[in-house]
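Q: Questions regarding the structure given below will be posed in turn.
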Amino acid sequence: MLIKVAHPFPIKPSEITPEVVHADRRRFLRQAGLATAGAALFGYGPAKSVGAEAELAPLNVARKSEMAGGETVTPYADITHYNNYYEFGTAKEDPSRNAGRLRTRPWSVVVDGECEAPGHIDIDDLLKPQALEERIYRHRCVEAWSMVAPWVGLPLADFLKRFRPTSKAKYVAFETLYDRQQMPETARGVLDWPYREGLRIDEAMHPLAFLSVGLYGRVLPNQDGAPLRLTLPWKYGFKSIKSIVRVRFMERQPEVTWNKMAPDEYGFYSNVNPAVDHPRWSQAQERRLGELFKRKTLMFNGYPEVASLYTGMDLRRFF
Ligand code: MTE
């Protein structure tokens, strides 16, 4: 994420952009064969051995769906070393360095608000009886880089329905863990913690909305949002909140982190839309990690099946 210079935060666009360019150049050199690519990992093309991550527990995946138009899947090493997870630092390599401190067991998620069966659910109780699914999705960051990742998890709707939302549940709000000891970077006050996100209930119930618990057939590495995160392929990446501890059904639209911080720059909906630029840069194109040339960004990131959610809405106003 890029933060307005006018904001009193310790990071400027000028600090981030060179990092993006630098990382892309490194990847290009690697792809061009000037650096050694590692052996294929789980059959998805080249990836480096990534130490601890490669030892993460395998998941039992019952079904696999390719949902990225047959595009090349981004190497595991890139997906896990080029992250946004500000609780562990604002540079792209910070989460892979620092998120090792996050303890993902025991872990439970509190679900409450406008529902008939509020409660909490232990991550292991959620996973044990669950037939997990793998989905290969495109992932487009608002900063105009993108990737393709094989997530493992379950439809968000399946999770939400367990708690029997009432007719008053018009929205769903999500919260990340906020623990200063495990997340010392939160002491810097870069964002207003805990990280919060939200969806309209029909968006949350859409079959594409996914609750990820794994990546490349194994449990999620911490830097990618272990033990569970949202994956919303038609929205900018910041909607895909990581390490969720709380879900609340609400009658009113919840406050969400980036919109609260910079409402002119980050809307509540945040659908990928090449026709609506960010106030400070174009959204018409994107750079896929590992590729030298930019490519055109697709409306809803190439998932037109969500368009009916927004019929009649002015997507410039509700951006
Ligand atoms: N969730 C939390 N809790 N904190 C964050 O800083 N960053 C968001 C999103 N979820 C973020 C978060 C942003 S800006 C993006 S682009 C995606 O996570 C990045 O996911 P990835 O690192 O797995 O690619």
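Readers should treat all values here as calculations from the given coordinates under stated rules, not as data from a laboratory. Quick caveat, the model's predicted, so the values are computed rather than measured. Heads up, the Cβs are rebuilt from the backbone with ideal geometry, glycines too, and the neighbour counts pull from every protein chain shown.
Q: Let me make sure I get this right: for region 13-310, a, b and c are the square roots of the gyration tensor eigenvalues over alpha carbons, sorted descending. Under 1.5 in a/c it's rounded, otherwise prolate if a/b > b/c, else oblate. Which is it?
A: rounded
Q: For a protection proxy built on the mean count of beta-carbon atoms within 10 angstrom, sort 193-201, 264-272 highest first, please.
A: Answer by packing, highest mean first, reads 193-201, 264-272.
Q: Another question, if that's okay. Using +1 on the beta carbon of Lys and Arg, -1 on that of Asp and Glu, and nothing else charged, what's the dipole of region 13-310 about the Cα centre, debye to 20?
A: My answer is approximately 340 debye.
Q: Tell me, what ³J(HN,Hα) does each residue in region 106-113 have, in order and in whole Hz, if you take phi through Karplus 6.51 cos²θ - 1.76 cosθ + 1.60 with θ = phi - 60° and put x for Gly and Pro?
A: x, 8, 10, 10, 8, 10, 8, x
Q: Could I ask something else about it? By per-residue mean of other Cβ atoms within 10 Å, what is the highest-first order of 240-252, 170-182, 277-289, 80-92?
A: Going by the mean number of other Cβ atoms within 10 Å, highest first, we get 80-92, 240-252, 170-182, 277-289.
Q: Residue by residue through region 185-195, what is 3J(HN,Hα) from phi via Karplus (6.51 cos²θ - 1.76 cosθ + 1.60, θ = phi - 60°)? Round to whole Hz and write x for glycine and proline.
A: 4, 5, 5, 6, x, 4, 10, 8, 7, x, 4
Q: Got a sec? Charge dipole of region 13-310, +1 on Cβ for Lys and Arg, -1 for Asp and Glu; which of TRP234, ALA187, MET250 is way out at the positive end?
A: TRP234
Q: Could I ask something else about it? For TYR195, enumerate residues with amide H under 5 Å from its amide H, sequence gap 5+ or separate chain, H modeled in the peptide plane.
A: The answer is THR176.
Q: Something else about it: How big is region 257-319 in terms of Cα radius of gyration and Dmax, in angstroms?
A: Values for region 257-319 (Cα only, Rg and Dmax): 12.8, 38 Å.
Q: Taking amide hydrogens as modeled 1.01 Å from N in the peptide plane, which residues meet the under 5 Å criterion relative to VAL111, leaving out close sequence neighbours?
A: GLY119, HIS120, ILE121, VAL247
Q: Can I ask one more? For region 198-208, just list the computed ³J(HN,Hα) in residue order, Karplus coefficients 6.51, -1.76 and 1.60, θ = phi - 60°, integers in Hz, with x standing in for Gly and Pro.
A: x, 9, 6, 4, 6, 5, 5, 8, 5, x, 7
Q: Something else about it: Just the number: Rg to Rh for region 207-305, Cα atoms, Kirkwood Rh, two decimals.
A: 0.98
Q: Out of residues 5 or more away from VAL213 or on other chains, whose amide H comes under 5 Å of its own, with H placed 1.01 Å from N in the peptide plane?
A: The list, which skips near neighbours in sequence, is VAL152, GLY153, LEU154.
Q: How much net charge surrounds ARG180 when only other residues with a Cβ under 13 Å from its Cβ are counted (Lys, Arg +1; Asp, Glu -1)?
A: -1
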